[in-house]
1. To the nearest 20 Debye, how big is the dipole of the stretch 1-130 about its Cα centre, given +1 on the beta carbon of each Lys and Arg and -1 on that of each Asp and Glu?
2. Considering the options Ser138, Ala99, Val113, tell which one lies farthest towards the positive end of the dipole of the stretch 75-167, charges being +1 on Lys and Arg and -1 on Asp and Glu at the Cβ, about the Cα centre.
3. Looking at the square roots a ≥ b ≥ c of the eigenvalues of the Cα gyration tensor of the stretch 8-154, which shape do they give, rounded for a/c under 1.5, prolate if a/b is larger than b/c, or oblate?
4. Among Glu128, Glu46, what is the fewest-to-most ranking by other Cβ atoms within 10 Å?
5. Could you line up Tyr178, Tyr149 from fewest to most neighbouring Cβ atoms inside 10 Å?
6. Sort Ser179, Ser94, Ser7, Ser35 by Cβ crowding within 10 Å, fewest neighbours at the top.
7. How many angstrom lie between the C-alpha centres of the stretch 1-70 and the stretch 80-158?
Amino acid sequence: MHTVGPSRAVFGAGTLPQVRGEVERLARSRVMLVSDGAPALRKDTERLRDALGDLLVAEFYGAAMHTPVEATEQTLTVLREHDVDCLAAIGGGSTTGLAKALAVRTDLPQVIVPTTYAGSEVTPVLGETQNGRKITRSTPEILPETVVYDVELTLGLPVPMTVTSGVNALAHAVEALYSPDATPVTVEPAAFGSGLGCPGAPVPPGIREGLGRSVRPPGAPFRGSLGQVRQTPPVCVGRLPEAFRLVGDPGSARGVFS
């Protein structure tokens, strides 16, 4: 049996302005914008703020790695003060984690705009830290309602982060192959996305040739995520051993996978 998640995914280049339309599609009008406040994201965050316009009523830029409960509680205070009815998050896995933590506590819909290849935006899993302990849970309510992939948001990602995050995306695809919930519907795109379904595939050109749009066709950078949402990647990506050599330190690659 194969169960399809309820997420809606928007793919393309220059799709960031569509976030407002996705919020309106959910019949919401009071949005909180969540991010980690990274300087590298400032321009894109401003663009998203402009796109949301009068729908934006609150902002929180304190997302942190491993989603500490303390940060979630601070955000909840702001959320309730402004009568928020929808969450919009832009950033990597930490930002998505905060949005999930808020959603599972409030049942608010989420519109996620990923800027890395973490893949968390299409999983119903939430990992949080409290008093130094990692707590992980999974429930359908955690899964974001909408994900907006804009390839242009990855163009400024530094090469080391591109490699690290890309290997993480490959890890998601590999994990999908041996997951207890694996089905024929998920195994084929997962094998393709991980490179195991196309032996001899070259290293992704985005790593060897730079970060230009020409080597990042829409959807290709999000190969791990695509496998999760049953979208077959449009290009065949490199094999894991190649990715390991690009990372430089085999220990680093293992760390990414853990």
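Here, each number is a calculation from the coordinates, and none is a lab measurement. A quick note: this is a predicted structure, and the numbers were derived from the prediction, not measured. Because the Cβ atoms are built from the backbone with ideal geometry, glycine has one as well, and the counts that use them run over all protein chains shown.
1. Working: 12 positive and 16 negative charges, 62 e Å.
The dipole of the stretch 1-130 has a size of about 300 debye.
2. Ser138
3. Details: a/c = 1.44, a/b = 1.29, b/c = 1.12.
Rounded.
4. Glu46, Glu128
5. On the way: Tyr178 9, Tyr149 25.
Sorted ascending by nearby Cβ count, the order is Tyr178, Tyr149.
6. Ser179, Ser7, Ser94, Ser35
7. Rounded to whole Å, the Cα centres lie 9 Å apart.
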